[in-house]
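What follows is a single structure, written as structure tokens, with notes after it.
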Amino acid sequence: MATGRSPMKGTTLVVNCGSSSLKLAVFDHQYNRLINGLAERLGTPSAYAVITGNKDTIDISGDSTHRGALATLIKRFRKRNVLGLPPVAIGHRVVHGGEKFTDAAMITPAVIEAIEACASLAPLHNPANLTGIHATGELFPNVPQIAVFDTAFHQSLPEYAYLYALPYEYYQQWGVRRYGFHGTSHSFMLAETARLLNKKLENTSLISAHLGNGCSITAIANGKSVDTSMGLTPLEGLVMGTRSGDIDPGLFDFLAGKGISAEDLHHDLNHKSGLLGLSQQTNDMRTLVASADDGHRLSQVAIDVFCFKLARYIGAMSSSLSTLDALVFTGGIGENSARIRARTVEHLSLLGLVIDSDSNLNHGRLREHHIEHTNSRFPILVIPTNEELVIANAALESVRNAIAPPQSITTETS
């Protein structure tokens, strides 16, 4: 991800703030990751934090707010001789940027206002992202902060791909359209696939499947996002950990007749559905696979629905491409679950996709990320995502561009 420009000395802090969690990473000026930090269950008595390579948890019950967790982790970073000086840039993951942001943006009051305006489109994410921005700003008041938007990569979607078949004034007045998410991950898949296949970004076309607790799939044609599964909000598309993915909108009226309010259904679709809702046990794929092996029927049902829906979307994404360089799996499930990859590709024989069992079981580690069989029509890759690196790169580039000195002017002298 390095740009080839002269490096700016110093570190870059990457912040990914969730509603009850906080992830931190620090990179040096050559984009080497120096340290990671994670705080979870924030705002509860059971809040804890951990640092890379440290098996002991850090007690943050004294101040389990996002700011408290951030301050504790940064203090620990400094004890490890990381962030001894303030970082030169702070990059924040921001989930929803609407149509306003097509690239990373230096955080200003106007940018914060725009992020707040998109909060209704990502109510689980944007307010949490803003919490991280405000907390970091208090700790590092003089360090430039940069917002890197999940939606920015998908601003290249053509109109026919992002519009819903709704009254057009919904889009004109309220911005109702497909936006797409996980843009940092999908853009990283593009860069890594191009590198692995020795192709230029602008000549690379792929289907990128980001599979974790949140899941999305994107068709990338000649280096541009042209179709994606998530829509107006991160709820649409694939089956996810606790999110339903696609549903019939008529469900709202049907369940209203059963006494379930729109507010309650919205909560259930986001927090009690997906793998958790189907299995009635867990949203964790590893636990589901073990439970299915033990004979728990609904765990197997959840896996089957997940894989079928994923395969159906892969087939749909192929309609947006004229050529395909690779199908790429990433994210916690995509990178680590050989069963999910194999079961999904079984549904795609008509597209000529065939997995090599041994390579799949080794997650592509023995064949430079490749897991396809020699008979496969297209390559199939497993690539670990690195969203933090994308954010660090975008943040540092934004600072470089902001402080780049004017070109020197030379004059002739006699």
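When the residues of the stretch 277-302 are filtered to those that are under 23 Å from the mean Cα position of the chain (by Cα) and open to solvent by less than 50 Å² (accessible area, probe 1.4 Å), which remaining residue is nearest to I247 (Cα to Cα)?
G277
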Do we have I107 as closer than 16 Å to S398 by Cβ and open to solvent by 20 Å² or more (accessible area, probe 1.4 Å) here? yes
Please verify whether the stretch 65-76 includes one or more residues that are within 22 Å of the chain's Cα centre (by Cα), in a loop (DSSP other than H, G, I, E, B) and crowded, with 23+ Cβ neighbours inside 10 Å. no
Within the stretch 27-39, residues being touching a residue at least 24 places away in the same chain (Cβ under 8 Å) and either assigned to a loop (DSSP other than H, G, I, E, B) or open to solvent by less than 30 Å² (accessible area, probe 1.4 Å) (or both) number 7
Report the residue count in the stretch 198-220 for those that are open to solvent by 20 Å² or more (accessible area, probe 1.4 Å), farther than 24 Å from R243 by Cα and in contact (Cβ under 8 Å) with a residue 40 or more places away in the chain. 1
For the stretch 69-97, give me each residue that is of a type in the set (D, E, K, R) and within 19 Å of G183 (Cβ to Cβ). R93
Within the stretch 277-294, can you find the residues that are touching a helix residue (DSSP H, G or I) at 6+ places or on another chain (Cβ under 7 Å) and hydrophobic (A, V, I, L, M, F, W, C)? L278, M285, L288, V289, A292
Of the listed residues (L353, L366), the one being modelled with pLDDT under 95, hydrophobic (A, V, I, L, M, F, W, C) and assigned to a loop (DSSP other than H, G, I, E, B) is L366
When you check V305 against the structure, is it open to solvent by 20 Å² or more (accessible area, probe 1.4 Å), at pLDDT 95 or above, assigned to a helix (DSSP H, G or I) and under 27 Å from A122 (Cβ atoms), yes or no? yes
Might you let me know whether the stretch 317-327 holds any residue that is open to solvent by less than 30 Å² (accessible area, probe 1.4 Å) and farther than 29 Å from F149 by Cα? no
Restricting the stretch 119-134 to residues that are under 16 Å from A152 (Cα atoms) and without any contact (Cβ under 8 Å) to a residue 60 or more places away in the chain, the one surrounded by the most Cβ atoms within 10 Å (Cβ to Cβ) turns out to be N126
What number of residues in the stretch 146-197 are open to solvent by less than 40 Å² (accessible area, probe 1.4 Å) and outside any helix (DSSP H, G or I)? 16
So which residues in the stretch 77-92 are part of a loop (DSSP other than H, G, I, E, B) and under 27 Å from the mean Cα position of the chain (by Cα)? V82, L83, P86, P87, V88
What's the total number of residues in the stretch 44-82 that are modelled with pLDDT under 85 and at positive phi? 1
Single residue of the stretch 316-350 satisfying the filter (in contact with a strand residue (DSSP E or B) (Cβ under 6 Å, 6 or more places away or on another chain) and assigned to a loop (DSSP other than H, G, I, E, B)) that is farthest from L206 (Cα to Cα): S320
Kindly check whether there is at least one residue in the stretch 118-126 that is under 20 Å from the mean Cα position of the chain (by Cα) and at positive phi. no
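Every residue, every condition in (1) in contact with a Cys (Cβ under 8 Å, 6 or more places away or on another chain); (2) free of Cβ contacts under 8 Å to residues at least 12 places away in the same chain, yes or no:
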{"residue": "F77", "(1), (2)": "no, no"}
{"residue": "R93", "(1), (2)": "yes, no"}
{"residue": "T108", "(1), (2)": "no, yes"}
{"residue": "I112", "(1), (2)": "no, no"}
{"residue": "A117", "(1), (2)": "no, no"}
{"residue": "Q145", "(1), (2)": "no, no"}
{"residue": "R177", "(1), (2)": "no, no"}
{"residue": "E192", "(1), (2)": "no, no"}
Sort out which residues of the stretch 143-175 are under 23 Å from K224 (Cβ atoms), over 21 Å from the mean Cα position of the chain (by Cα) and aliphatic (A, V, I, L, M), and write them in order of number. L163
Given the structure, is V289 touching a Leu at 6+ places or on another chain (Cβ under 7 Å) and closer than 17 Å to R341 by Cα? no
So which of L24, L42 is over 20 Å from A394 (Cβ atoms) and surrounded by 15 or more Cβ atoms within 10 Å (Cβ to Cβ)? L42
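The values are calculated or read from the model by the stated rules, or taken from the named source; none is laboratory data. All figures in this text were calculated on a predicted structure; none of them were measured in a lab. Note that we place each Cβ from the backbone using ideal geometry, even for glycine, and neighbour counts take in every protein chain shown. The protein model used for the area step is the full one, side chains on, heavy atoms only, and it has no ligands, DNA or RNA in it. Shrake-Rupley method; radii C 1.70, N 1.55, O 1.52, S 1.80 Å.
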